[in-house]
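Below you'll find the structure, written out as C-alpha cells, and then a few comments.
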Amino acid sequence: MKILAFDLSSGQGSIALSRVTEGSSDESIEMREWPNDRQSSAPFFSALDQIVRKHGPPDLIVVGLGPGSYTGTRIAISAAIGLETVCSLKLCGVPSICAMSRESDYAVIGDAKRATFFFARINQNQIAGPLELLSQPEMQGRIGEITVPVYTADYLPQFDRVQQCFPRAVHLCFLAQSGKNIAHPPLEPIYLRTPHITSPTNA
C-alpha cells in the first residue's frame, strides 16, 4: 500500500510517501521538507510532481488540516482533491498538530492573532478536548500547569519550555495507518474561530 501525505500548515512544508508491502512489516519512506514560503507554493508542487512520477499514484492521500496557515492548508487540500479526482484515489485528512511528534502525549500552542494564542492537548495521537484561545498571561499559566512537552510551529520565545517543531508528513502516514483522527471528505481546514462571512450589500 502506498500512502502519500503532505502538510503546508506551517513554516516548513513536508511531503512523504510510505510504501508498506502486503504481508510484511517492512516500510519504505521517501520524504522531503523545505522552508514553506507562503508566497509561493512552487517547491511543494515540484516535490509532489517528482514523487508521483517516481512512485506512481498512491493508494491513499493524507493531508494535514491545521490549524495553522489557512492559505497553506487550503492549497494542500486543493492539491489532494485534484489528485483524488484525476486518479480516483482515497483521500482523508488529519489534524496537523497531531503530526508534530511520534510521542503520543504532548501539548501544542500557536499564534492565533488578535493578541491570542491557541492551546491544544494531544493524547494518544488525538486532540483531547476543544482548542482553547488564550491571552498571553493565560497561556503562561496553562503551560505552567502541565508536565508534558509543549511544541509550537511558530516563533514564540516569550513562552518558556516551548520547543519549536513542525508537523511532518511522515507522521501523517503513521497516523493514517493507525486509523486515528481521520477526517473524510469534504475536507476543510481546522478553524480557530468561526468563519466570518460578510454578505455583499445591494448597491
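The values are calculated or read from the model by the stated rules, or taken from the named source; none is laboratory data. Being a predicted model, the structure only gives us computed values, none of them experimental. We place every Cβ from the backbone using ideal geometry, glycine too, and count neighbours over all the protein chains shown. We work out accessible area using only protein heavy atoms, side chains counted, and drop any ligands, DNA or RNA first. Shrake-Rupley method; radii C 1.70, N 1.55, O 1.52, S 1.80 Å.
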(message) So L134 ticks every box in (1) aliphatic (A, V, I, L, M); (2) at pLDDT 95 or above; (3) surrounded by 21 or more Cβ atoms within 10 Å (Cβ to Cβ) but one. Which box is left unticked?
(response) (3)
(request) For region 139-156, name all the residues that are in a helix (DSSP H, G or I), surrounded by 13 or more Cβ atoms within 10 Å (Cβ to Cβ) and not hydrophobic (A, V, I, L, M, F, W, C). (result) Q140, R142
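Picking from E138, E145, E103, which residue would you name as being of a type in the set (D, E, K, R), within 22 Å of D7 (Cα to Cα) and out of contact with any strand residue (DSSP E or B) (no Cβ under 6 Å at 6 or more places or on another chain)? Steps first, answer last, please.
Working: E138 fails: within 22 Å of D7 (Cα to Cα); E145 fails: within 22 Å of D7 (Cα to Cα).
The match here is E103.
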(message) Against the condition open to solvent by 30 Å² or more (accessible area, probe 1.4 Å), touching a residue at least 12 places away in the same chain (Cβ under 8 Å), in a helix (DSSP H, G or I) and not aliphatic (A, V, I, L, M), how does R74 come out, does it pass?
(response) yes
(message) Of the conditions (1) under 16 Å from the mean Cα position of the chain (by Cα); (2) aliphatic (A, V, I, L, M); (3) open to solvent by less than 50 Å² (accessible area, probe 1.4 Å); (4) over 30 Å from I29 (Cα atoms), I109 satisfies every one except a single condition; which number is it?
(response) (4)
(message) What's the number of the only condition in (1) more than 18 Å from P67 (Cα to Cα); (2) in contact with a helix residue (DSSP H, G or I) (Cβ under 8 Å, 6 or more places away or on another chain); (3) open to solvent by less than 30 Å² (accessible area, probe 1.4 Å) that D160 fails to meet?
(response) (3)
(request) Could you please tell me which pairs satisfy a Cβ distance under 7 Å, a separation of 6+ or placement on different chains, a first residue in region 116-143 that is under 15 Å from I97 (Cβ atoms), and a second residue that is of a type in the set (D, E) and open to solvent by 20 Å² or more (accessible area, probe 1.4 Å)? (result) F117/D111; F118/E132; F119/E132; I122/D105; N123/D105
(message) Among (1) open to solvent by less than 10 Å² (accessible area, probe 1.4 Å); (2) under 14 Å from the mean Cα position of the chain (by Cα); (3) not hydrophobic (A, V, I, L, M, F, W, C), there is one condition P58 misses while meeting the rest; what is its number?
(response) (2)
(request) Taking the residues in region 157-181 that are assigned to a loop (DSSP other than H, G, I, E, B) and of a type in the set (S, T, N, Q) as candidates, determine which candidate is modelled with the highest pLDDT. (result) Q158
(request) Out of S9, S41, S46, report the one residue that is under 21 Å from C87 (Cβ atoms), small (G, A, S) and buried (at least 17 other Cβ atoms within 10 Å of the Cβ). (result) S41
